[in-house]
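The structure appears below as structure tokens.
We did not get these values from a lab; they are worked out from the coordinates using the rules stated. All values derive from a computational prediction rather than experimental measurement. So basically every Cβ, Gly included, is an ideal-geometry build from the backbone, and we count neighbours across all protein chains shown.
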Amino acid sequence: MDRVNTLSAVQFVELFGPIYEHSPWIAQRAHAHAPFADMDAMLAAMRHELGQAADRERMALIRAHPELAQRMGVDPTLTSASATEQASAGLDRLTPDEFTTFRALNDAYAAKFGIPFIICVRRSDKDGILNGMRTRMENTPEAEQQAALREINKIAALRLADVLARLEQEP
């Protein structure tokens, strides 16, 4: 963490801005909490800033997430982190029937909630994701927004751990 704590605000945002999908403002605001004792303290600062954000900012973050299981090359905003995460759950290798099922569930979910379905795919698999989509369709819009933010924080924790591990390996 010594190295992280010596980063300028610009360097910090450059390195940690992608932790939350297309939302570098979270890292920018979290930098004000430095120095960080450890990864947990850094993650707590980021979560705090997300929690303090305006509703429109949180909704923009939710909407910045890609739809799951799109055919590769269809979404030009798909980050490399999201593509890798989806591949880890096998979403880049769907059968035609699986793709049709995902497409139908994504469409129904978006029609009901107006946001993409978000789940930490690195902690799941195709069946778990499909089950989550079906189960969470029963939520209220407010409950689903909170579920999406919880999943986003899980994704961010894994991404932060990845970035910090890469930093430790650098000379």
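For the stretch 115-124, putting each phi into the Karplus relation 6.51 cos²θ - 1.76 cosθ + 1.60 with θ = phi - 60° gives couplings of 9, x, 5, 10, 8, 6, 5, 5, 9, 8 Hz, in residue order, rounded to whole numbers and with x for Gly and Pro.
From the alpha carbon centroid of the stretch 134-150 to that of the stretch 97-111 is 16 Å. Computed from label points 7 Å out along Cα-Cβ, the spacing between Val10 and Ala111 is 4.9 nm. Axis of helix 55-64 versus longest Cα principal axis of the chain: the two differ by about 70°, to the nearest ten degrees. Coupling constants for the stretch 151-159 follow from the phi torsions by the Karplus curve (6.51 cos²θ - 1.76 cosθ + 1.60, θ = phi - 60°), and in residue order they are 5, 4, 5, 5, 4, 4, 4, 5, 5 Hz; glycine and proline get x.
The slack in the chain from Arg3 to Ala83, taken as 0.36 nm per residue of separation less the alpha-carbon distance, amounts to 26.0 nm.
Over the chain, DSSP H runs of length four or greater, each weighted -39,500 (n - 2.57), average out per residue to a 222 nm ellipticity of -20000 deg cm²/dmol. 3J(HN,Hα) along the stretch 134-142: 5, 5, 6, 4, 7, 5, 7, x, 5 Hz, from the Karplus curve 6.51 cos²θ - 1.76 cosθ + 1.60 with θ = phi - 60°, whole Hz, x for Gly and Pro.
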